[in-house]
Amino acid sequence: MINTEKNSITSMQFIFIISGIQISVAVLSLPRKLAEAAGTDGLLALPLGYLLNLLCGYIIIMVMRKSSEKTLFDTVSKTMGTWVGKGFALLMAFYFLHLMYDGLVRAILIVKTWLMPNTQGYVLLILLLFPAYKIALGGPRILGRYAELVAVISCWLPFVYLFTLKYAHWLNLLPLFKDGFLPVLTAVKATIYPSLGIIAVFIFYPYLQKKEKAVSSLIISNSITMFVYIFITTICFVYYSPHESTVYNDPIISILKTIEFRFIERIEIPFISFYLFVFSLVWIPCMYIASFCMSLVFGLSDHRLPLRVLVIVLAIGTFFYLPTYNQSDKIELWLARFGFGMEYILPGLLLIYLTLYKRLHRRAES
């Protein structure tokens, strides 16, 4: 059903796709959530979340290496039955649909709040869906090239925050472990939602040209994600007081209002405009994955028809209903819980099952 040679992706493209899905709208509110959980000690939870993600990513790659078929869905269908395979594909489609929808809704709400308050939400959605549809239609190779392009044109964004360091108060970070180690462990929960998306390795691993570099590519991808999170969170914590970090809903955008240049009045306007490209790295790959999984459920030859249906349903549905910020927060909370099961528990169960299945199969043959 899939042509891995035609749609093959390089290790660099694989890195940017996975890190792009993770570094999305979730990063905007990450400093606030960490501060609410553990104050400035929430920064110490990020390395723990990084190690947890590396472990889960390694388990996912081990599952794919134990998969004897082209895709994991083929392996599940062969070992557990066709209907279980379709059910697994449906579960993946359901999960990535919610990741895609949450990313789109959050991006629209941010654009309406900061850039275009008088524009209807469904108009913004349609404008975003046109390029997203064309890119998702092209498959993994086009997604990989787009992820590389976004990485190049958005690499200037972190350097803007360096201008805030002249107002930094580094003593905000001290002392470490103000209330012990327990609040830091509690804050790890806040890193789950921003780290969601690593399960996309299940989809893109078969297209990877050099599969022997999958582990190193995943380490680099997660390292990029964690570096961005630590950098942005540190900037917010040393600029704002521990209390102020919890006041602003999206402190990463709010802090831009303090930066002034002679040639531009409001730096947050071009920042958000460029950051839309980074936002798109969550909803475009998720749009492809969801439509690809639906094509497996219905036994279609490619993902074009499910993708077209998805775009039409999104456009019509948003015309009648667009979640608010509070409703979007509830979606994020639900996704964090559901995503924990999908990305941190399910791969481990699959690895145990495939290991036992192969051992029993060998015994039966001998």
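The values are calculated or read from the model by the stated rules, or taken from the named source; none is laboratory data. What you see is a predicted model; the values in this text were computed from it and never measured. Using ideal geometry, Cβ is built from the backbone for each residue, glycine included, and neighbour counts are taken over all protein chains shown. The accessibility values were calculated without ligands, DNA or RNA, using every heavy atom of the protein model including side chains. Shrake-Rupley method; radii C 1.70, N 1.55, O 1.52, S 1.80 Å.
Note on the chain: with neighbouring protein chains present and a 1.4 Å probe, carbon and sulfur make up 67 percent of its accessible heavy-atom surface.
Against the set (i) 23.9; (ii) 20.6; (iii) 21.4, the structure's computed Kirkwood radius over Cα pairs in Å falls on (iii). Of the cross-linked pairs 112/134; 6/134; 189/358; 78/211, which ones have a Cα-Cα span greater than 26 Å in the structure shown? With Cα atoms farther than 26 Å apart: 189/358. Between residue 9 and 208, 209, the built amide H atoms are under 5 Å apart, and every one of these is 5 or more places off in sequence or on another chain. For the chain, the longest principal axis of the Cα atoms and the long axis of helix 325-340 meet at an angle of about 40 degrees.
Please list 17-26, 44-53 highest first by mean number of surrounding beta-carbon atoms within 10 Å per residue. Write out the running numbers ahead of the final one.
Values: 17-26: 25.8, 44-53: 18.7.
So the order, starting with the most tightly packed, is 17-26, 44-53.
Ordering of 119-125, 96-102 by packing is 96-102, 119-125, highest average first (other Cβ atoms within 10 Å, averaged per residue). By the helix-only formula, in which each DSSP H run with n ≥ 4 contributes -39500 (n - 2.57) and the sum is divided by residues, the chain has a 222 nm mean residue ellipticity of -22500 deg cm²/dmol. Between region 150-228 and region 289-307, how many Å separate their Cα centres? The two parts, judged by their Cα centres, are 31 Å apart. Find which of 240, 48, 356 sits farthest along the positive direction of the dipole of the chain, computed with +1 on the beta-carbon of Lys and Arg, -1 on that of Asp and Glu, about the Cα centre. Among 240, 48, 356, the one farthest towards the positive end of the dipole of the chain is 356.
Judged by the gyration tensor of its Cα atoms, with axes a ≥ b ≥ c, region 254-366 is prolate; a/c meets the 1.5 cut and a/b is the larger of a/b and b/c.
Where the centroid of each part is defined by its Cα atoms, how far is region 41-71 from region 328-366 in Å? For region 41-71 versus region 328-366, the Cα centre distance is 12 Å. Solvent exposure of the chain, expressed per residue, is 46 Å² of accessible area, with all protein chains present and a 1.4 angstrom probe.
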